[in-house]
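Notes for the one structure printed next.
The values are calculated or read from the model by the stated rules, or taken from the named source; none is laboratory data. In this text, all values refer to a predicted model and were calculated from it rather than measured experimentally. Cβ placement follows ideal geometry from the backbone for every residue including glycine, while neighbour counts extend to all protein chains displayed. To get the accessible areas, we keep the full protein, side chains included, count just its heavy atoms, and leave off ligands, DNA and RNA. Shrake-Rupley method; radii C 1.70, N 1.55, O 1.52, S 1.80 Å.
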Amino acid sequence: MEAIATQAAGSIVGPAAEGGKGIFNCLKRKYDYVKNMKKNFHELEREEKYLYDEEEDVKTRLDRNKIKMEKTRRCETWLNEVEKLRGEIEILKTEYHNTHKFFWGICPFPGLLKLGKRIIKKTAEVVSLKNQIKHISIMVGKAPAPVIRKHAKKIKEVPSLIKHVEQLLECLRKKELKRICIWGPPGVGKTTIMENLHDAMDEVRQFDIIFWVTVDDKSIRDIQEVLLKRLDVKAEEQSNDQRANLISEELKNMSYILFLDEVSADINLKEIGIHDEHRHGKVVFACRSRNICGQTDEDINVQRLSDEDAQKLFWETVGASLKGNRDINPVARLIINECGGMPLIIKLIGKSMANVSNPAIWRDTLIQLRSPSDEPKQELEEFYKFFKFVFDKLPLEKRPCLLYWAIFPAGCELHQDYIIECWRAEQFFMHIKKLGEVRDRGHAILDEFVRKSLLEKGRKLSHYKMFEHFQRVALRMANLNENNYRILVKDGEKIREEEWEHAYRISLIRLCLSTLPKRPRCCRILTLLLQESQLIEFPMSFFGYMCSLQLLDLHDTRIKLLPSSISSLINLKALFLNNCTQLKLLPAEVGDLHSLEIFDICYTGIHALPNEIGNLTNLRCLRVSFTELGGNSNHVTVGPREMISSNMIANLFSLEELSIYVEPNNRRWNQIVENIAREVAALEDLTALSFYFPEVNCFQKFVDTSKSWNGNSTLWRGNSFRSFSILVGYHQGSSQSTEIDISGCSAEKHFRFSGGEGFPDAVLKMLEHACAFELIGHHTAASLSDFDADRFGGLEACIIEDCSEMTSIIDGSVTRGVAFQCLKKLYISNLPKLADIWTGSIEPESLGMLTTLTLTRCHSVNTLFSIEMVVRLNQLQFLQVENCNGIEEIVNAGSFVEPTALPKLKKLQLIDLPNLSYIFHNASLAWPSLESILIKTCENLKSFPFTIENAIKLRVIRCTQVWWNQLVWPNDIVRYHFQSFHQII
C-alpha cells in the first residue's frame, strides 16, 4: 500500500515539477524581454542600418544602369517592403524612447513586456528582409530606348545618296571613329542622308539610345534640353555647366549616338556634356562647310546627284506623264541641268512644274533660272542668302577670287593652276611678288572655298567647279558691285557696241564667233576670254583701245595670226595661246608686251620662237612646245632655224617656271639642248621645270651647275624646286609621251630615266626629291635596290618598264632600312626576268600606303605575293595582274593568310593568266571592301568564287561565259548567290 502511495505521489509531483519548470522559463523569457530591452533595441538599430545599406546599394545599381536595365517586379516588391518596414520601425522607436524613463520599475510590467517582444520580432523581420535580397534578381535588361523614327524619304533608288548612308554605317562600326562629319552646300541631300541613317539605327540595334538635334540657331542650353528630355532627367533649375556634368554622368557608361543636323557654327561638345572619354559614344554632324565641325575623325563630302539620279528624281516629282511630251522634254533636260544635281532644287522646281502642260511656262522657267539679273526665284532664295552670307564673311582679299568664277560658263571645270594664274593676272595678290607663293596662296583659298561649300572638286584631277546657282548669284553681285567688277557673259548673242564700252570683263567662251568688231572702244576692259570659240582671225586694229587689258585667253581657237595691234596691250599680264593648232608664227610685236608674266604657247603649230621673246624680262612663267618639221628636218621654212635662239632664256632672268615640251629623239632639240640647259642652269629664281635631257651627261652638268637646284636658302630639302618633270634619256619603243598617274601625290615632282646603264650620281640625287619615278628600259639594274632604295623614302608613284635584267623590284638583302614607306601606286610592265616583287626581309613601315598595283607582261613571276608582303598591304585598293604566263597563285600556297588581309581592296582584275590556279588557299578572307572583279582568260582558275563569299560589298563579277560555265559549284545556293553578280564580257 505504501509503495502504491509512493508511486501515486511520484506521478503527481513529476508533472507538477515539469509544469513549474515551464512556468519558470516562460517567466524568465518575459523578464528577459524587459531586462535586455536596451540591448535588443541596439541590435534592431544595427540590423536596420544593414538593411538600409543594402537598400542604398540596390538603388545605386539601379540608378547606374537605368538606361540599359530595369528593376524586376520582385525587386520592386522588396523595396516596397523595406519602405513599409521603415515606417513600422519609426513607430517602434518612438514608443521605445517614450517608455525609456519607466524602466526603473514605474512602468507597468505588461506594457514593457509587449514592447520588448515587438523589438525582438521586428529585428527578426529586418534580418529576414535583408537576407532576401541575396536571392532576388535585382535587374533585368530592358529593350533599347525606342527610336523616334524620322520616316525618311526612301533613297534605295538613288545610288548617289544611298552610298553615303552605307559609308556612314561602315564608319559607325569602327570603334576608333567617334566624330563623323558630312558636309556640302544646302540642298545636296545631307538631311535626307542623316534621316535615313537615323532610321537605320532602329534596325542595327548598335546603340542604347539615339539623339537627334536640329541645331540651326539653337543655344547650348537648347541642345542640352533635348538630350535631358530624351534621358528623362529633370534639371530645369541647374546651370549649363551643371547640366553638362549631369548629361556626361548619364552617358559615360552608355552606348549612344548623337545626330546634329544643320550645324551652322562650331559647337563645343564638352559644353553640352559630350566628352571624348565616353568610350561608346559617337557624334554625327551635318553642316554646310567642312571647317564648321572642327576636329573630326572622318569627314564625308556630299556631292550632287549623278545625271541619272537627277533625272529620276525630277520626273518622280513632276510626274512621268509629261516626260513623253516632245515640246517639254528637251526643255526639261535643260532645267534639270540648271538644278545642278541638287535634290532640294530638283524637288522645288519639280513641284512648281508638276502637271504644267504648257511648253511656254517651261521655257519661261528655264529663262528665269538662267537669268543673273533678275531677283532669284522664291524657291532658290535660300541659296542666294547662303552664298551672300559666306561671301560677306570673307576677307576683302578673297572676295574677288570668288566672284571671278562668274566669268566662266555655268558648271565649267577649271584647273587649279589656270584659275590661280587668272587671279595673278588680275593682280588680286599685288603684295605677293613670287609666282610660287601666289600658287601656294591660291591652293589654300581653293581649299577654303571647297570647305565652305562654295566650290566643289571637279571630275578631272586638280579641277574645280562652282555650283551653277552660285555662279548666277556671283555674276549678279559682281555687276551690282561698285569696284570695277562688271562682267559681260555672252552665250550665243551678238555683243552691242555699248556693251564693249562699259564692261570690265568679257567672256565669249565657246561662242560661234567668226568675226569681231574692228576696233571696239573698251579702254576699261581687264579680261577678255575667247577660248574654245570658232574665231579664225582678228581685225588688225582690234586691240587698239585695250591698253588696260591684263588677261587674254585665246586657247583652243582657230586663229592663224595675231594682229599687230597686240603691241597695244602694254599692261597684259597673262596670254594663253595653248592648243591653237593653226597658229604657226608669233609676230615680232609680242616682244612689246613688257608687262607679260605668264605666257602659254603649248601645242600650237609653232616651230620656233622669235628673238623678240627675249625682251619679256618680266616673264615669270613660260610654257612652250614645238612640233617636228615635216619632210627634211634640215629645211626650215618658217621662222629661225633654232627652236630657241641663243641667250633668249638667259635674258628671261625673272623666270620662276619653265616648261619646254619636245618629242623624244627630236634632232633639232638635240642640237641646242646643251646651250639651253646651260642658260636654264643660270636662272636663279627657277622653282618649276619641265625639261627633256636626251643624254645623261647633259643632265649631270645641269644638276652640278644649276643655281636654283643647288640653292641653299630654301625649305625644300636642299633645293628650291616646288615641282619638276625631268625626262632623261630615250628608250626605243617606250610610250614616252604617256604621263604617269600621280593623282593623290603630295607634290608634282616627276622623274623619268630611260635607256640608261649604271647609276649616275645626278640620277641618285634626283631620286631623293622625286615623288613620281619612271625607270624605262634600264639595261643593267637587277632591282631598284641597286639605286640605293633608301632614296625611295618619299616616292609616291613608280613605273618600272622594259628593264631586261631586273629580277626583283626590291631586294631586302641589299636594301638598308625602310623602302617604299610612302608609295601609293606601283606599275610594273614587261620585265622578262622578274621573279618576285620583293625578296628578303621587309621592314614594317614598307608598302603600308600602297593603294594601286598593276603587273603586266612579267612571265617569270610564279607567285605574286609572299606572306610578308600581304600583311603590309592594308591600304591596297586596286590590283591588276595581266598577261603573266607564269603566274600560278597570288599568295604562296604554304602561307596562311589572316582573314583580315587586304581590308581595303575594292577592285580585282585578273586577265590572261593561263596557269593561275588559286587566288588564296585560305578561303576565309573577310573581303570587307571588295566591289568588283574582272576575270578574263584564266582557264585553270575554277574555284575562285568560293574565296569571296564573305564580300558584303561585291556588286559585279565580269567574266566570259565560257569561264563561268566551267566553274564547279559546291551547291546550288552558292551558285545562285553569285549568279546575281555575273556580268558577261
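Suppose only helical runs count, i.e. DSSP H with n ≥ 4. What mean residue ellipticity at 222 nm does that imply for the chain under -39500 (n - 2.57) per run, divided by all residues and rounded to the nearest 500 deg cm²/dmol?
So the calculated ellipticity at 222 nm is -10500 deg cm²/dmol.
In the neighborhood of Leu855, defined by Cβ-to-Cβ distances under 13 Å, what is the net charge if each Lys or Arg adds +1 and each Asp or Glu adds -1?
-2
Going through the cross-link list Lys130/Lys229; Lys178/Lys218; Lys218/Lys393; Lys518/Lys573, which pairs have a Cα-Cα distance over 26 Å in this structure?
Over 26 Å apart, Cα to Cα: Lys130/Lys229.
Kirkwood Rh over alpha-carbon pairs of region 314-365, then Stokes-Einstein at 10 °C and 1.306 mPa s: what D in µm² s⁻¹, rounded to an integer?
After rounding, the answer is 148 µm²/s.
When the accessible area of region 314-366 is computed with all protein chains present and a 1.4 Å probe, what percentage of it is carbon and sulfur?
Taking all protein chains in place, region 314-366 shows 49 percent carbon and sulfur surface.
Using the heavy atoms of the protein chains alone and a 1.4 angstrom probe, what is the accessible area of region 48-97 per residue in square angstrom?
That works out to 64 Å² per residue.
For region 398-545, which whole percent of the accessible surface, found with a 1.4 angstrom probe, sits on carbon and sulfur atoms?
In region 398-545, the share of accessible area belonging to carbon and sulfur is 47 percent.
For Arg221 paired with Glu397, estimate the spin-label separation in nm (one decimal), with each label point 7 Å from Cα along the Cα-to-Cβ line.
My value for the distance between the label points is 4.1 nm.
Report the FRET efficiency, 1/(1 + (r/R0)^6), for Ser306 and Glu176, where r is their Cβ-Cβ distance and R0 is 45 Å, rounded to 0.05.
0.90
Just going by the charge dipole of the chain, with Lys and Arg at +1 and Asp and Glu at -1 on Cβ, which of Leu775, Asn579, Ala360 is farthest out on the positive end?
Ala360
Classify region 875-985 from the C-alpha gyration tensor, please: rounded if a/c falls under 1.5, else prolate or oblate depending on whether a/b exceeds b/c.
Cα axes put region 875-985 in the rounded bin.
At 7 Å along Cα-to-Cβ for each site, give me the label-to-label distance between Glu271 and Trp969 in nm.
Calculated label separation equals 6.1 nm.
Scattering from the C-alpha atoms of the chain alone, worked out with Debye: what is log10 I(q)/I(0) at q = 0.04, 0.06 1/Å?
Results for the chain at q = 0.04, 0.06 Å⁻¹ read -0.34, -0.64.
With every protein chain kept in place and ligands, DNA and RNA left out, what is the accessible area per residue of region 507-610? Probe 1.4 Å, answer in Å².
On a per-residue basis, region 507-610 sits at 36 Å².
Give me the net charge for the shell around Val450: Cβ to Cβ below 11 angstrom, other residues only, Lys and Arg +1, Asp and Glu -1.
With Lys, Arg at +1 and Asp, Glu at -1, the net is +2.
With 31 Å as the limit, write out which pairs from Lys433/Lys494; Lys385/Lys749; Lys174/Lys398; Lys59/Lys121; Lys351/Lys398; Lys175/Lys825 have Cα-Cα distances beyond it, or answer none.
Lys433/Lys494; Lys385/Lys749; Lys174/Lys398; Lys351/Lys398
Carbon and sulfur: what percent of region 826-908's accessible surface (1.4 Å probe)?
50
Going by a ≥ b ≥ c, the root eigenvalues of the Cα gyration tensor, does region 227-314 fall in the rounded group (a/c under 1.5), the prolate group (a/b larger than b/c) or the oblate group?
Since a/c reaches 1.5 and a/b is larger than b/c, the shape of region 227-314 is classed as prolate.
Considering only Tyr50, Pro903, Ser846, whose Cα is most displaced toward the positive end of the charge dipole of the chain, charges sitting on Cβ of Lys, Arg (+1) and Asp, Glu (-1)?
The residue sitting most towards the positive pole is Tyr50.
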